[in-house]
Amino acid sequence: MEANSSSSFKIILGSASVARRKILAEMGYEFTVMTADIDEKCIRKEKPEELVLVLAQAKADAIISKLQTINNQEMDAEPTIVIAADTAEANSQRLPVGDYIKDDEPTLLITSDQVVVYEGVIREKPSSKEEARQFLKDYSGGHAATVGSVHVTNLKTGFSKGEWDRVEIYFHEIPDEIIEKLIEEGTVLKVAGGLIIEHPLILPFVKEVVGTTDSVMGLPKDLTRRLLKEAI
């Protein structure tokens, strides 16, 4: 499904991620942003695929709850789509949300989540500079994987489905001075596993990516397009 100016729906991206906003804009969609504001640490699963799916669904549920509180506000003539991204697979039916069921066209919500897996262990955002430094040292000369999910909910029909995507990343040796520059710059502290392959400092040390860069950045384009098409 290609985006175009005549699309008869709107998109709500349920994420504060700058990278996800950039990717969705690159896909040609116009959208608004809402955040779930949930405590992700309270939701635990052993398998990364299950964890990201459950987190993306939890984010969708939280945003739907917010939308229900503003039910009486006047909605735009066109429907809205909300996209959620996370790393697992889910397919369930949701109750239609308030005034969205009255719209002529469907409204979709997109949410998402992502973790890094290193030697079988799930890694989320580093809790400190020291932890981020250790993460990067671990990746040097080795490899890690990202597991991310996308969840799309049709607020008119109640359709709700999520799937996950996995990418393997292999690294050359990363010099200590590069690691220190990344720590001081700070971006690695804000992403799952401290892993950010598109950063100009780290990019020269990425040996191979088995999968897509957009998935590593948090929103796999092909999966997002497919789920949007299914939701409509």
Checked against the positive end of the charge dipole of the stretch 121-232 (+1 on Cβ of Lys and Arg, -1 on Cβ of Asp and Glu, about the Cα centre), the farthest of V210, I232, I169 is I232
Could you name the lysines whose alpha carbon sits less than 22 Å from that of K10, not counting residues in the same chain fewer than 8 places away?
K22, K59, K66, K102, K156, K161, K221, K229
Binned at 10 Å from 0, what are the whole-percent values of the Cα-Cα distance distribution for the stretch 118-170, short to long?
19, 38, 22, 16, 6
With a ≥ b ≥ c from the Cα gyration tensor eigenvalues, square-rooted, and the rule rounded for a/c under 1.5, otherwise prolate when a/b > b/c and oblate otherwise, the stretch 108-232 is prolate
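Only Cα pairs under 8 Å and at least 6 apart count here; give the relative contact order of the stretch 112-232 as a rounded whole percent. Can you show the working numbers first?
On the way: 218 pairs, mean separation 39.7, N = 121.
Answer for the stretch 112-232 is 33 percent.
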Ranked output for segments 161-168, 109-116, 20-27, 213-220 by mean other Cβ atoms within 10 Å, highest leading, reads 109-116, 213-220, 161-168, 20-27
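Quick note: the coordinates plus some simple rules give every number you see, no bench work behind them. Since the structure is predicted, the reported quantities are computational estimates derived from the model, not experimental observations. Note: ideal-geometry Cβ built from the backbone for every residue, glycine included; neighbour counts use all protein chains shown.
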